[in-house]
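Q: Okay, here's the structure, questions in a sec.
The values are calculated or read from the model by the stated rules, or taken from the named source; none is laboratory data. Predicted model only: the values in this text are computed from it and were never measured. Cβ sites come from the backbone with ideal geometry, for glycine too, and all protein chains shown count toward neighbours. Ligands, DNA and RNA are excluded from the accessible area calculation, which covers all protein heavy atoms including side chains. Shrake-Rupley method; radii C 1.70, N 1.55, O 1.52, S 1.80 Å.
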Amino acid sequence: MAWRMITHRCGHQERINVDGPYVIVEQRVRRAEETLCTSCTGIQSRRSNRLDGFCELWGSRSQCDRAEPIRRRVLAQVTVLARHARIEDRDAFDELRKQVLRRDDAEWWLEHRTDAITILAQDIEL
Ligand SMILES: [Zn+2]
């Protein structure tokens, strides 16, 4: 296997595999150079999680990685719903938002990738 050292946008270096057709390899190299390394990506996403108020997820690394975009999508949906909610429902939506931020079980998010809002809403009588 052929390898090349590349420098990520964050300045960290990584050895990447350069086997394969030239065009594909060039694309892979360019993408790697334009992005942060895995460790900086993790730090950045944990930091933005704290800013958004998300709790730490627990589960295996791969569960957490897959659960992360799901709960972000759900929070975005709740935000949109809340914006269109009637005044008297605002408190309930605030509560729903808190539930999304607090749910820390990665496996739960994977299980409820499509019906998370429904399940959480059942508990707060929306
Ligand atoms: Zn880095």
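Q: Every residue in region 4-22 that is within 12 Å of the ligand (Cβ to nearest atom) and part of a loop (DSSP other than H, G, I, E, B), please.
A: 8, 9, 10, 11, 12
Q: Find the helices (runs of 4 or more DSSP H) located wholly in region 80-126 whose residues include 3 or more that are more than 21 Å from residue 64 (Cα to Cα) and open to solvent by 50 Å² or more (accessible area, probe 1.4 Å), and list them.
A: On the way: elements: 90-102, 106-111, 116-123.
Where helices (runs of 4 or more DSSP H) fall fully within region 80-126 and carry at least 3 residues being more than 21 Å from residue 64 (Cα to Cα) and open to solvent by 50 Å² or more (accessible area, probe 1.4 Å), they are 90-102, 116-123.
Q: Separate question: If you scan region 30-52, which residues turn out to be open to solvent by 40 Å² or more (accessible area, probe 1.4 Å) and away from the ligand (no atom under 16 Å from the Cβ)?
A: Those that are open to solvent by 40 Å² or more (accessible area, probe 1.4 Å) and away from the ligand (no atom under 16 Å from the Cβ): 30, 50, 51, 52.
Q: Let me ask another. Which of (1) assigned to a helix (DSSP H, G or I); (2) modelled with pLDDT under 95 does residue 33 not meet, given it meets every other one?
A: If we test residue 33 against (1) assigned to a helix (DSSP H, G or I); (2) modelled with pLDDT under 95, just (2) comes out false.
Q: If a residue must be of a type in the set (S, T, N, Q) and under 13 Å from residue 55 (Cβ atoms), how many such residues does region 70-122 contain? Walk me through it before giving the result.
A: Taking region 70-122 first, the residues of a type in the set (S, T, N, Q) are 77, 79, 99, 114, 118, 122.
Then keep just the ones that are under 13 Å from residue 55 (Cβ atoms); that gives 99.
Summing the residues that are of a type in the set (S, T, N, Q) and under 13 Å from residue 55 (Cβ atoms) in region 70-122 gives 1.
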